[in-house]
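Worksheet for the structure shown next.
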Amino acid sequence: MPMKVCEIFTSIQGESRFAGMPCTFIRMTGCNLRCTYCDTKYAYYKGEDLSEKSIIKRINKAGVKLIEVTGGEPLLQEGVRPLIAGLLDEGYDVLVETNGSLPINTIDSRAIVILDIKTPGSGMTDKMDLSNIDFIKKKDEIKFVIADMIDYRWTRDFILTHDLIKKCYLLLSPAYGFLDPKDLAEWMIEDRLQARLNLQLHKYIFGPIARGK
């Protein structure tokens, strides 16, 4: 089943608890959300039609064990779930970053899900499928992108209300260009919030607009 792929590239994993590790990214084309701070608008429409076999061939050639399937929104394409399973069968460690609006319970359980929960600053909070919280595994991660103090307080309360600290890894990421990481760090320290400050390392290393990095 062909899939529309925006880009495949190898770089340093900039986020998650795997930050700093070499990683090959498969960025799928298309997204059903329009977050105010989106930094991958180029993935909305443009891409190359590739089969699962051809994608895995490129991944094998890259020679990196850690793979991230991202977007856009990867789960919009039917072929992505078999692709994830195929990569896992090949022995890769697979991260799947999804925007939180689509069900994650159909993703192969061997994969690590990075589930975005959209904060008010995104303008997309009402699009979330909160039933996904019931399918989060201990090894999975939930990410919140924080644009301001309102987003932070909303996130803090959301974490406590849904008892997320016990469920999985938690990532709080300052929206690049919107919030100073120092401010977010200070809020987290003040509240003793048991979550990880999630900086986009690739933007600090390669610059905020570099692609394929």
Legend entry - Amide H contacts under 5 Å for E68, placed H, 5+ residues apart: T24, F25, I26, L95
Legend entry - Rounded percent of accessible protein surface that carbon and sulfur make up, region 14-156, 1.4 Å probe: 53 percent
Inset, instruction - Please sort 46-59, 86-99 by packing, taking for each peptide the average over its residues of neighbouring beta carbons within 10 angstrom, highest first. - result: 86-99, 46-59
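Stick to the Cα atoms of the chain, pair each with every other, and give me the Kirkwood hydrodynamic radius in Å at one decimal.
17.4 Å
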Inset, instruction - Please report, to one decimal in angstroms, the Kirkwood hydrodynamic radius of region 28-97 built from all distinct Cα-Cα pairs. - result: 12.9 Å
Inset, instruction - For a quick protection proxy, order the peptides 74-80, 100-106 by their average other-Cβ count within 10 Å, most packed first. - result: 74-80, 100-106
Legend entry - Between helix 52-62 and the chain: long-axis angle, C-alpha atoms, 0 to 90°, nearest 10: 80 degrees
Inset, instruction - Rounded to the nearest 10 degrees, what's the angle between the helix 149-161 long axis and the longest principal axis of the chain, both from Cα atoms, 0 to 90? - result: 80 degrees
Legend entry - Across K4/K41; K143/K182; K61/K167; K118/K139; K118/K167; K65/K139, pairs whose alpha-carbon gap is larger than 25 Å: K61/K167
Legend entry - Degrees between helix 181-191 axis and first principal axis of the chain (Cα, 0 to 90, nearest 10): 60 degrees
Inset, instruction - Can you tell me the dipole magnitude for the chain around its Cα centre, using point charges on the Cβ only (Lys, Arg +1; Asp, Glu -1), in Debye to the nearest 20? - result: 520 debye
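The values are calculated or read from the model by the stated rules, or taken from the named source; none is laboratory data. The shown structure was predicted, so the numbers you read here are calculated from the model rather than taken from an experiment. Virtual Cβ from ideal backbone geometry, glycine too; neighbours counted across all protein chains shown. Remember, those area values only see protein heavy atoms, side chains included, never the ligands or the DNA or RNA. Shrake-Rupley method; radii C 1.70, N 1.55, O 1.52, S 1.80 Å.
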